[in-house]
Every structure is written in structure tokens, then in C-alpha cells.
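Some notes on the structure that comes next.
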């Protein structure tokens, strides 16, 4: 597809949970990398990361590091993105940012390639990727919208600890080991114990009692789908799962949509796979999606008291929820002539 | 309160997860037991259970075992309840059944003592206790209904493995040990691995794609609340938590209800405790409720796009979800003059 292009790539946060998956994806998808500069904040600089059989030294993420790069992925803190993404743009490159920093900026496209690919054409050097939860949500909502219009959704998420990065994974594992040894370990990153527990808080609370994660889900979904008044009601919950965000969603469509037709619309949508056979107890779970790029959807059924549709979607929050979406955006930039 | 009464008690399923908690509750609540007959199906008969410092032998659950008993708790299989609860009634006793068998029978009261205590007066020798999930649901819905009327609810549950009994607990633990040793263990009771995973199926699927658990939640809620047309939409999910069912609920009231007033109504309701302080990241989790009788409610907030209210309720599925509710029904029978 893009064999003739060669792209000089930077990865800020190359040693983090998402950065690591991102490097694997560039290899797996045979992305035309002519140069790779892994970058990180001071703490991780100097270590190495493996890429195509070589150990590549991690440089310090600072403005001069971006000279000559076509695309720089940001998979680090929001502060780094805020400071450094404009430095990429200033040098003629394109920053593809995974953090929350730029998503709601009016001049920055917020892109899920299967849903709103044309949005990349409006970029001014920075393109934002949505929150991992939003991606799983819009990937299931968009096929339904195209088939029958969309009036509202009620969403409850069950989110994996790796959505909070490597620290989240380590906190779950440490608590599981402690429990197995009959010990208690104090919560640190999360506001309550996460092993053998669930926590109705992802990120932090705003003054109105909503979590920042919940509000992202609403506003990002509206922006990506270009439905500024879409009614999305949501509760986001952290669950003791390493990888894989699950979402239970009740969708009100503009026109009634038969579950069989909903399944067909979902199956036909790129990046979505339907696993839905109650007779055999087949449905997607986080264990099924880990390491995969597809968003898995099941349990499609009509509400017992209305024409609304329930569904259950599961996605790998480190892949389609993060690294895969970012690499797909870079592929889209090549396809649409923005790079090379 | 009921000091003057002395009650002869049977417990069918005395060696199970709920039966064990039930015996502890009879002790803790100083229930006036003049005789205790622990009973079980053939497999467990002959073992002993501790009660008030003695080891009491477990008898075989059969019709003659109920002679002379005032109240028999059933915390075993639905098949045993179907066969044996009428035998209790025939002998002049009252069966308090935790199984699904009798709940929707028109001649059997389905009782949550805080919600519909008067229903016990209609008993004909059998009283049913609701599903553990339904109890957590109606305990939160009833105060809201009394404050502002109730139009509909959208419910997503995150249910502990002990909701499936001791086998559920053991399956989670065995899989956690296997994972810690780098091994895989095959699911048996549950339809997918439950350690480090979530499963959007509780019990089994019906032909319409709903789980039996989900449908129970709808019909039991309607019966207990005497709202035969109440619209409840629901998805039930199993999570890797030993004890404690959580529910995220979006409630449409007949009249708008301010979150502060909703919290006040919930706090004033017997058996409900509000833990809800976003500024301090205080909210209930399963770890907070294990071993407690109260239903804990938090995250009360208005939907961002409507007058609906979100809340999050957590209850110990073995206590208020099962054993506590059953013992409360027995206490109610004494209070209202049905025993003694």
C-alpha cells in the first residue's frame, strides 16, 4: 500500500505500556519506517527498546529531538504532549497524540480511522486519538448510527487496569500477590483496592460528581461522531482485569433496528467482529480480545420494554484503544497524501 | 423484641455458602432458636456445623425432617425447594426459600422486609426471597420511588462469583492460583475464565438472548415493588470479586429529584447507607460491604443530559442478598404474629 513511502518516526513514551505495543505494531503492520527515534522523559532516557531486531537507545524527549521527523507518536503524559506536540508541528512534522491534552481543541482533529477518516485532512500538525474507552464505544455506535440513526446511549464501562498505564498493571499484580500470601497492600494509584474488587472511579472526580473519564466519553463521542447534542449517559468502573475494556450499552436509534440487522451492520463495519451466539454461550470477554485489533461485539438484543438495543463491546485498550488507533492514523496520513 | 418467642428452625443447605452465613446470622442477631436442625441433600448429611458453641449433625433433607419445625430456611438447589418447601407448609411450618423456584408463584409472597413487609401476611406456608441482585436493586429503588415516583431504570450489574455459590468462589480461587503459577485452568461452572476477566453472562441464556438472571431482575423487581409495568432494562455481568454485587443504575423518576434529596431519601431508608463524597473519592466498593448487612449507595448524580439520576449500589450477596434477608423475613414473621 505505502511501500514507496518512507517515514521518519518518533515515539515519545517508548518505554511505557502503550509505547511498547506501538513499536510492536509498527513491526507487525510493516509500517514503512525509515528511521525510528524512541524518546522518553529524563527517567527512561538512555535505556534501549527493541525494534526490528536491534536495540535502539531511547533519547530525551525535547524540541530538538523532533528535527527531521515526519510523524511523532505521543504515548506519555499530557504535560509532555502539551509542551512538545506543538514543537513537532513547528518543525513540519505531525504529532499523533494519545493523551487527553488536545482532544477537545477545536483546531485538532480527533480521529478513529474507521469512523471519521476525513477529519485528518483538517490537521495543523497535531492529531489527537480518543480515550481508549471512547474508541470502543464509537466503534460500536457508528455502524448502528449508519444503519438506523442514533438518539441516545446509556453506557456502563468495565475498564482494565492497564488503561491507567503500566503502574495500573503493577498495582493489580502486587495486590494479587499480597492477597495470595494473606497480606494486604495499600492502594496507591487507584482510590481503593483493585484486586478482587471493582472501583466506580476511573481517573479523578470533578466537582459535579462525574469522573474525568466519564466526561471524556461524552464529549469525545460527540466530536468524533459529529453529533454535538448526542445524549450519552455513563458510569465508568475499573475492574481487576489486566487488559481489555468492556462496555455494556443501551442504544436508542432513530428508527427501530432489528437485532439481526444490527449484527449485520456491525459485522460489515471494518475493525468490528461480532461474537454473539447465546445458544452456545458465545460472547466476547477481555480474555478474548487481548492482543487483537478488532473491537468484539456481542449480546446484541432488543430491550424487553422498548425498541432500544443492548450490546456488549470489548476492545484491547492498549491496541485499538491506543497504539493500533495511533498507527492507523499514521497509515491514513500516508493514504491521504499528508506524509511523503 | 421477640424474647418471649422460641422458634424451631430448620436450615436446608446448611453446609453451603449461604447456609453457613445464615447460621452465623442467627447467632449474631440473637434469633430465638429453641431448636436447630441443619439439613442437606445426601452428600453433606452426616457432617456437622457449628452453632452456639456446639457441633450439630447435619440431617438428610426429607419431608419427615420438617416435623415440628416452625420455620425452615431453604438455601440449596431449586429442585430441593420445589420438592420440599410444600412439605414444610403441609406440616404447619413456614418455608423461607432463597431459590428461584417459588418467586413468581402468584400465591407466594416475594419479600424484602424494608420494601414490602406487609406481603408476608399473604403467605400460605412458603415465602420467597428475591435473587441477590434484585435485593440490591430494589433497596436502592424503593427510597427513590417513595421520594419522587419511578418511571424506569437502566441497570448494569457487576456480580461476585459467590452469587453462584461455593463452587463459584472455588473456581475463581483455583484460576487465580493457576494464573499466579503461569498455568491455565479450564472454566467449569462459568462459561469463560473468570480470573482477570469479566463475563457478560450470569446463569444461562434464554432463547431471546437474555440471561435467566437478567429476566429475574425485571420480574422480581416488578413483583416486590408492585409496579407490574415498570420498565427495567438490564445487563448482568460476572466479575472476579469473591463477595459483593455492584449495580450501576440510571433511574427515571416521575418528578425531578435533586441528588441531595435523593441521598437524604436513601440515608433515611432502613438498611441503606450512603457513602458518597466525590471530593474525598469516597464511594462504596465490594471490599467495603463484605460481611455487612447494609446496602451501600454512592455516586448519586444527575444525568448530564436529563433529569434522570445515576447511582451505584453495593451489597453483600451472601448477607443482605441472601441470608440476612431470609432471617429478616423470619423476624418479620414473629413481629407480625405469624410464628409463636
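Side notes on the structure shown:
- Selected residue (only one of A:262, A:287, A:322, A:279 is closer than 30 Å to residue A:122 by Cα and part of a helix (DSSP H, G or I)): A:322
- Just one of the listed residues (B:255, B:319, B:302) is in contact (Cβ under 8 Å) with a residue 12 or more places away in the chain, surrounded by fewer than 22 Cβ atoms within 10 Å (Cβ to Cβ) and more than 14 Å from every other protein chain (Cβ to nearest Cβ), and it is B:255.
- Selection from the stretch B:235-278 of residues that are over 21 Å from residue B:148 (Cβ atoms) and touching a strand residue (DSSP E or B) at 6+ places or on another chain (Cβ under 7 Å): B:235, B:236, B:237, B:238, B:239, B:244, B:245, B:246, B:275, B:278
- Odd one out for residue B:218, checked against (1) under 17 Å from residue B:151 (Cβ atoms); (2) more than 16 Å from the chain's Cα centre (by Cα); (3) facing another protein chain (nearest Cβ under 9 Å): (2)
- All conditions but one from (1) buried (at least 19 other Cβ atoms within 10 Å of the Cβ); (2) closer than 21 Å to residue A:281 by Cβ; (3) facing another protein chain (nearest Cβ under 10 Å); (4) over 21 Å from the mean Cα position of the chain (by Cα) apply to residue B:175; the one that does not is (3).
- Which numbered condition residue B:248 misses (of (1) surrounded by 24 or more Cβ atoms within 10 Å (Cβ to Cβ); (2) more than 7 Å from chain A (Cβ to nearest Cβ); (3) under 22 Å from the mean Cα position of the chain (by Cα); (4) touching a residue at least 24 places away in the same chain (Cβ under 8 Å)): (2)
- Selection status of residue B:143, surrounded by 20 or more Cβ atoms within 10 Å (Cβ to Cβ) and on the phi < 0 side of the Ramachandran plot: yes
- Of all residues making up the stretch B:227-239, the number that are surrounded by fewer than 24 Cβ atoms within 10 Å (Cβ to Cβ) and facing another protein chain (nearest Cβ under 7 Å): 2
- Residue in the stretch A:117-135 that is buried (at least 24 other Cβ atoms within 10 Å of the Cβ), more than 14 Å from chain B (Cβ to nearest Cβ) and assigned to a strand (DSSP E or B) present: yes
- For the stretch A:208-226, a residue qualifies if it is assigned to a loop (DSSP other than H, G, I, E, B) and touching a helix residue (DSSP H, G or I) at 6+ places or on another chain (Cβ under 8 Å), and exactly one does: A:209.
- Under the condition of being farther than 12 Å from residue B:312 by Cβ, surrounded by 14 or more Cβ atoms within 10 Å (Cβ to Cβ) and more than 12 Å from every other protein chain (Cβ to nearest Cβ), the residues counted in the stretch B:265-294 number 8.
- With respect to the conditions (1) without any contact (Cβ under 8 Å) to a residue 12 or more places away in the chain; (2) within 24 Å of the chain's Cα centre (by Cα), residue B:53 lacks only one, and its number is (2).
For (1) within 12 Å of another protein chain (Cβ to nearest Cβ); (2) touching a residue at least 60 places away in the same chain (Cβ under 8 Å); (3) surrounded by fewer than 19 Cβ atoms within 10 Å (Cβ to Cβ), each residue gets a yes or a no:
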residue	(1), (2), (3)
B:162	yes, yes, no
B:167	no, no, yes
B:182	no, no, yes
B:195	yes, no, no
B:206	yes, no, yes
B:210	yes, no, no
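- Test: residue B:307 is touching a residue at least 24 places away in the same chain (Cβ under 8 Å) and surrounded by fewer than 24 Cβ atoms within 10 Å (Cβ to Cβ): yes
Any read-out appearing in this document is the output of simple, stated calculations on the displayed coordinates, not a laboratory observation. These numbers come from a predicted model, not from an experiment. Note: ideal-geometry Cβ built from the backbone for every residue, glycine included; neighbour counts use all protein chains shown.
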